[in-house]
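Novice: One structure, pasted below without further comment.
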Amino acid sequence: MARFFYKAKNKNGDVVANSINASNISDAAIKLEKEGLVVLEIKEELSNAQIKSSNYSKNISKETMFTLKEKIEFFNSFYYMFKSGLSVYQIFESVMNASNNKKIKGLCSVVIKKIEKGYSLEEAFSGYGNVLGAVYCKLIVAGESSGKLEQVLSKTIDNLKREENFKSKMISALTYPTMILSLAVAVFFFFKFFILKVFASFGNGICPATIMTWFIFAVVKIVLIFAFIAGVICYIYFNKKVLRKVIDIVVKIPMVQSIMRAYSFANFFSVLSLAYDSGVPLPQSVELASDVISVKSMKTKISLAVKRIYNGCELTTAFGVSQLFSSFAMSQVSAGEKAGELEKMFAVVSLDYEKQIDLAINVLSEAVKIVSMLFVGLIVLYVAVTGYKSYYAGLFGAFGL
């Protein structure tokens, strides 16, 4: 039942304005005519939720993407609202009202408006899959269709938290070596741009103002160098095409490759387990899970495996031909296929790859520390040798030797 605002003339010819409840605008007009009113204007009144939805939908576009933290916030809110027994429409409305994040409000507003128009949940997400992530949008739809939405939401939150934990470990492992390297590079350039000049001019009667000028120019040059490096990193990070090319190059490094493979396959099997357990047919589950893999070479091989599965090939054979997965993963998939418990085996394989991630990160961390210390040692050696030569050259020149 909706509420309609109207203006109409009564039997006395006076214009009156009021509201009326009706199922649609046609029924509202018929009710008013039965009351002897001549309708001049009639329109549906927007509820507070509809007004908010209209406003918030302007804050999001199809190119917007949620960060990992925003995805966790959204799914946490969605999960607890669902457990409260609310309908899907009410959940999105409640999440929109409860969240302070404009992107979350925007996505909810878009879905609300589409559901109000009679769209299914899958149609409501149409065009906005990249906002939340196409994989997660499809999982919500699959969970609702199969009646396992609560389970899907719970496992999705766990999956996102594991991903966040992995990123935290990577950042933690690389922060200290990166700081040491950055400091060493800064010292190297400071020595080159300032100290060497001072040593070379030793004994020539340099005034303090000149030394201060050299010092300022050295600091400015160092800041510009680091700003340029930061700019290049930001450009690569925000340019998807360039980022993919860089990733394809970096993953060829053996140690990095082992981490990326383990990370990609841990996510792949986790989503595969979740999708298959939600009632998504096996070929579509594998296809859906392949969306979480960003490395082009891996994605291509899995796409070929998907085609083989669609053509009737067994999962174990399709995965085996791709030669992507470890022998342990293949043995678990084979056992799961024979026993009819694939979703459980997918989860076991995912956990095994997570253990490989932890091991690989520890090895990478130690390797980076060793490399950074060697690099610092070389810089110290360069500074000592060059400084020694420059200092004594200036000293001998000052005494005419």
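The values are calculated or read from the model by the stated rules, or taken from the named source; none is laboratory data. All values reported here derive from a predicted model rather than from experimental measurement. Note that each Cβ is placed from the backbone with ideal geometry, even for glycine, and that neighbours are counted across all protein chains shown. The protein model used for the area step is the full one, side chains on, heavy atoms only, and it has no ligands, DNA or RNA in it. Shrake-Rupley method; radii C 1.70, N 1.55, O 1.52, S 1.80 Å.
Novice: Find the percent of Cα-Cα distances in the range 293-335 that exceed 12 Å, and round it to a whole number.
Specialist: 57
Novice: Can you give the local net charge around Lys296? Use residues other than it whose beta-carbon is closer than 11 angstrom to its beta-carbon, Lys and Arg +1, Asp and Glu -1.
Specialist: That sum, taken over residues with Cβ under 11 Å, equals +3.
Novice: Give the calculated FRET efficiency between Lys296 and Glu366 to the nearest 0.05, with a Förster radius of 25 Å applied to their Cβ-Cβ distance.
Specialist: Taking R0 as 25 Å, the efficiency between Lys296 and Glu366 is 0.30.
Novice: With a Förster radius of 56 Å, plug the Cβ-Cβ distance of Phe217 and Val321 into 1/(1 + (r/R0)^6) and report the FRET value to the nearest 0.05.
Specialist: Calculated transfer efficiency: 0.35.
Novice: What is the extension gain from Ile229 to Leu351, computed as 0.36 nm multiplied by their sequence separation minus the C-alpha to C-alpha distance, in nm to one decimal?
Specialist: Here the segment from Ile229 to Leu351 would lengthen by 40.2 nm.
Novice: Give me the angle, in degrees from 0 to 90, between the Cα long axis of helix 342-398 and the longest principal axis of the Cα atoms of the chain, rounded to the nearest 10.
Specialist: It is inclined by approximately 30 degrees.
Novice: Can you compute the FRET efficiency between Met179 and Phe5 using 1/(1 + (r/R0)^6), with r the Cβ-Cβ distance and R0 = 41 Å? Round to the nearest 0.05.
Specialist: 0.05
Novice: Any idea what the dipole of the range 113-223 comes to, in debye rounded to 20, about its Cα centre with Lys/Arg Cβ at +1 and Asp/Glu Cβ at -1?
Specialist: 380
Novice: Need one number: the % of Cα-Cα pairs in the range 106-194 sitting beyond the 20 Å mark.
Specialist: 58
Novice: What area, in nm² and to one decimal, does the C-alpha convex hull of the range 253-366 cast on average over all directions?
Specialist: Answer in nm², one decimal: 6.5.
Novice: Over 10 Å intervals from 0, what percent of Cα-Cα pairs in the range 140-290 sits in each interval?
Specialist: 9, 22, 23, 17, 12, 9, 5, 3, 0
Novice: Just how much of Cys313 is accessible, in Å², when a 1.4 Å probe is used and the result is rounded to the nearest 10?
Specialist: For Cys313, the solvent-accessible surface is approximately 40 Å².
Novice: In Å, what Rg and Dmax follow from the Cα atoms of the range 205-318?
Specialist: For the range 205-318, the Cα radius of gyration and maximum Cα-Cα distance read 24.3, 86 Å.
Novice: I've got another one for you. Excluding ligands, DNA and RNA, what is the solvent-accessible area per residue of the chain at a probe of 1.4 Å, expressed in Å²?
Specialist: On a per-residue basis, the chain sits at 56 Å².
Novice: Could I ask something else about it? Top to bottom by accessible area (1.4 Å), largest first, where do Asp352, Asp291 land?
Specialist: The ordering from most to least exposed comes out as Asp291, Asp352.
Novice: With N denoting the number of residues in the chain, provide Rg(C-alpha) divided by 2.2 N^0.38 Å, to two decimal places.
Specialist: Here the Cα radius of gyration is 1.48 times the empirical estimate.
Novice: Here's another thing I want to ask about it. Do you know the relative contact order of the chain, to the nearest whole percent, from alpha carbon pairs under 8 angstrom that are 6+ apart?
Specialist: Taking the mean separation of contacting Cα pairs over the length of the chain, I get 14 percent.
Novice: Order Met212, Met96, most accessible first, counting only protein heavy atoms with a 1.4 angstrom probe.
Specialist: Met212, Met96
Novice: Just by accessible area at a 1.4 angstrom probe, what is the order of Ile30, Ile357 from largest to smallest?
Specialist: Accessible-area ranking of Ile30, Ile357, largest first: Ile30, Ile357.
Novice: Show me, for the range 121-133, the HN-Hα J-couplings you get by feeding each phi into the Karplus relation (A = 6.51, B = -1.76, C = 1.60, θ = phi - 60°), rounded to Hz, glycine and proline as x.
Specialist: Working through the residues one at a time gives 4, 5, 5, 5, 7, 4, x, 10, x, 6, 5, 8, x Hz.
Novice: Quick check: the angle from helix 296-310's long axis to the longest principal axis of the chain, C-alpha only, nearest 10 degrees?
Specialist: Once rounded, the angle reads 40 degrees.
Novice: Still on this structure, please answer the following. Just going by the charge dipole of the range 205-351, with Lys and Arg at +1 and Asp and Glu at -1 on Cβ, which of Ser258, Val232, Ile222 is farthest out on the positive end?
Specialist: Positive-most Cα among the choices belongs to Ile222.
Novice: Kindly express, to the nearest 10 degrees and within the range 0 to 90, the angle between helix 327-339's C-alpha long axis and the longest C-alpha principal axis of the chain.
Specialist: The angle comes out near 20 degrees.
Novice: At a probe size of 1.4 Å, how large is the accessible area of Glu144, to the nearest 10 Å²?
Specialist: Glu144 has an accessible surface of roughly 80 Å² with all protein chains in place.
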